[in-house]
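The values are calculated or read from the model by the stated rules, or taken from the named source; none is laboratory data. From a predicted model like this one, the values you see are computed outputs, not experimental measurements. All Cβ positions, even for glycine, are placed from backbone atoms using ideal geometry, and neighbour counts span all protein chains on display.
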Amino acid sequence: MALPLPYSRWAHTFGRLLFPDPRRTGFELAMTEAARHGGGAYLEFGVHRGVSLLLAQQAAARAGLTSMRCVVFDSFEGLPNAETATFWRGRFAFSEQRFLRWFERAGGDLSQVEVVAGWFSDTLTPEHATSLNLGRIAVAHIDCDLYESSLEVLRWFEPLVGKGTVLILDDWHAYDGAGAPSDHGIQRALAESALRDRLEVLDDSPGLPRIVLVRA
């Protein structure tokens, strides 16, 4: 089934398509690179309503990755704590049932989606990594907003990613107005991750997710 054109990230607020989501080109780049390296699974950390997951499926289909396995992780209870006035505890709460309903109505393919519900501290364990049997990770989309959550994600999949895995760092510029962006969110978490020296920047457009490639 053909997927609809990308939704704006604000489309869910107004109930209609306003304009194409500006992140579309980043997902296209990530999936094209993933196809070039042989494909694999798509992981998403922080799914909310599912707009970015929809963009990922659309981009994967256009890149020829029509049967890409998608594994998404979310508490569905919002953020676990606060980090600056922009990101407060409970923000982005959206139930799993509402996500599934919105995503399907928007044209997403739920048959390719596995949902891992719960706090990262409970779900991102070595035992769970083994039981999920993820195989090769082609693309990972990190949209956790917070430093602690981002660090949990990075440390969990450090041993799982390999050469050619693409990371979409959704909130790379989220703290640009906070005075010292490197003290917050994914920027701080990545600086403390073993992955920091293994990455090549593919795209870093202002205000959009940073797209990076794992070199080795």
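Per-structure values
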| item | result |
| --- | --- |
| Among the residues listed as A129, A138, A194, the single one being in contact with a Ser or Thr (Cβ under 8 Å, 6 or more places away or on another chain) and either over 16 Å from E33 (Cα atoms) or surrounded by 14 or more Cβ atoms within 10 Å (Cβ to Cβ) (or both) | A138 |
| From the options T66, T84, residue that is surrounded by fewer than 17 Cβ atoms within 10 Å (Cβ to Cβ) and at pLDDT below 85 | T84 |
| Any hit, region 106-116, residues being surrounded by 21 or more Cβ atoms within 10 Å (Cβ to Cβ) and touching a strand residue (DSSP E or B) at 6+ places or on another chain (Cβ under 7 Å) | yes |
| Extreme residue, surrounded by the most Cβ atoms within 10 Å (Cβ to Cβ), among residues of region 95-105 that are touching a helix residue (DSSP H, G or I) at 6+ places or on another chain (Cβ under 8 Å) and aromatic (F, W, Y) | F103 |
